[in-house]
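One structure is given below, encoded as structure tokens.
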Amino acid sequence: MYAIQTKELVKRFGGFTAVGGISFDVNEGEIFGLLGPNGAGKTTTLSMLATLVKPTSGSGTVNGFDVLKDPHNVRKSIGFVFQEPSCDDLLSGRDNLYLHALMYGVDMHNIKEKIDAAFALVDLADKQNLIVKQYSGGMRRRLELARGLLHQPRVLFLDEPTLGLDPQTRQHLWKYIKKLVKETKVTIIITTHYMEEADQLCDRLAIIDHGKIVALDTPGNLKRKLGGDIIKLKVQSPNVSVIKKLKYVKHVKQDDGMLTITVDDANRHIQDILKKVGRVDNVELRSPTLNDVFLHYTGSEIRDNEAEGGVFERMMHSGNNR
């Protein structure tokens, strides 16, 4: 059974199309990723599925509930961890979770038990009585996860959950997210622009750019579909036309003195390429990565210049949520 289904989902803000007709299904118990540059439409997609924003057209269901026809039951069955921290800095971690439990109508007889379980799940039991402003960045994100899971949702939305964290803390948070899925059987849909995060966490992922899905599969299959090996050469005046005609060459990209060539069986053919390409100053040979996959489908490097959430918030404040 699918936990989430979307069909030709579209969102326009005035004359700007944030999401341009995307369709995907998410299996129960799956970690499904939306990978793409900031501003690609990832946050807007999550916001439509969470009923925070109405789609311009298309349809979507979460836990079998229609996001347009039954938003109340959608909201009851989901948790959402936003890009920006939303816990109160002046309250303790435990008080934050208690307020959240009251907001979501958690049974008063079970509140203490559920809060205790949530803190144990994210290894914050010994920090629960500290005020949140004393938490580290990683502790804050784990508290947000605990809060999002407190009412036991069947689906958890994570919007750039490790944004701004250092690499070590980011890897620790990945461990907790995997633990959540294993122990609670929750379905997770995550947005990210970190290649390693998508590769490490996601069972399947959709590469989204300019509001469109350009590829969808497991990280491993996406890399295998790209095919061959990657040879990167720093070349002066390369004979690009000659290289493109070679039968074993699948793709050639030239950019600022660097030549990136996708090749079948590079170990067998690299000497032939080096002879024909021109004067080579540097050679790098490796297997395809998700970054190579992203470049192949979008033609550009991942963009870090502006978080989509910031764009989305400005549109909301300007009154263009229609």
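For this structure, a couple of remarks:
- Positive minus negative residues near V249 (Lys, Arg vs Asp, Glu; Cβ under 12 Å): +2
- When only alpha carbons are used to place a centre, the range 156-221 and the range 126-143 end up 22 Å from one another.
- 23 Å tail of the calculated P(r), the range 21-126, as % of Cα pairs: 42
- Cα-based Kirkwood hydrodynamic radius, the range 228-287, one decimal, Å: 11.1
- Each of H72 and V10 was given a label point 7 Å from its Cα along the Cα-to-Cβ line. The distance between the two points is 3.0 nm.
- Given charges at beta-carbon only (K, R positive; D, E negative), |dipole| of the chain in Debye: 720
- Loop-located trypsin sites (Lys or Arg not before Pro) in the range 212-293 whose Cβ has at most 12 other Cβ within 10 Å (DSSP): K245, K247
- Computed over the chain: relative contact order in percent, which uses C-alpha pairs under 8 Å that are six or more apart: 22
- Over 37 Å [Cα-Cα, the chain], rounded percent: 26
- For the range 49-167, lysine pairs with C-alpha atoms less than 30 angstrom apart, excluding pairs fewer than eight positions apart on the same chain, total 10.
- Cross-link reach is defined here as a Cα-Cα straight distance under 18 Å, omitting same-chain residues fewer than 8 places apart; for K276 the lysines meeting it are K232, K234, K244, K245, K247, K250, K253.
- Net charge contributed by nearby residues that have their C-beta within less than 12 Å of T17 (K/R +1, D/E -1): +3
- Length-normalised contact order of the range 228-287 in % [C-alpha pairs under 8 Å, at least 6 apart]: 52
- Highest to lowest packing among 146-155, 124-133, scored as the average C-beta count within 10 Å: 146-155, 124-133
- Nearest 10 degrees, 0 to 90: helix 111-121 Cα axis against the chain principal axis: 20
- Taking the longest Cα principal axis of the chain as reference, the axis of helix 308-317 is set at about 50 degrees.
- Ranked packing of 164-177, 29-42, most packed first, by mean Cβ within 10 Å: 29-42, 164-177
- Legend: calculated FRET efficiency, K185 to R286, from the Cβ-Cβ distance at R0 = 41 Å, rounded to 0.05, equals 0.65.
- Distance between modelled label sites at S237 and M108, nm, 7 Å Cα→Cβ extension: 8.5
Coordinate-derived values only; no laboratory data. From a predicted model like this one, the values you see are computed outputs, not experimental measurements. We place every Cβ from the backbone using ideal geometry, glycine too, and count neighbours over all the protein chains shown.
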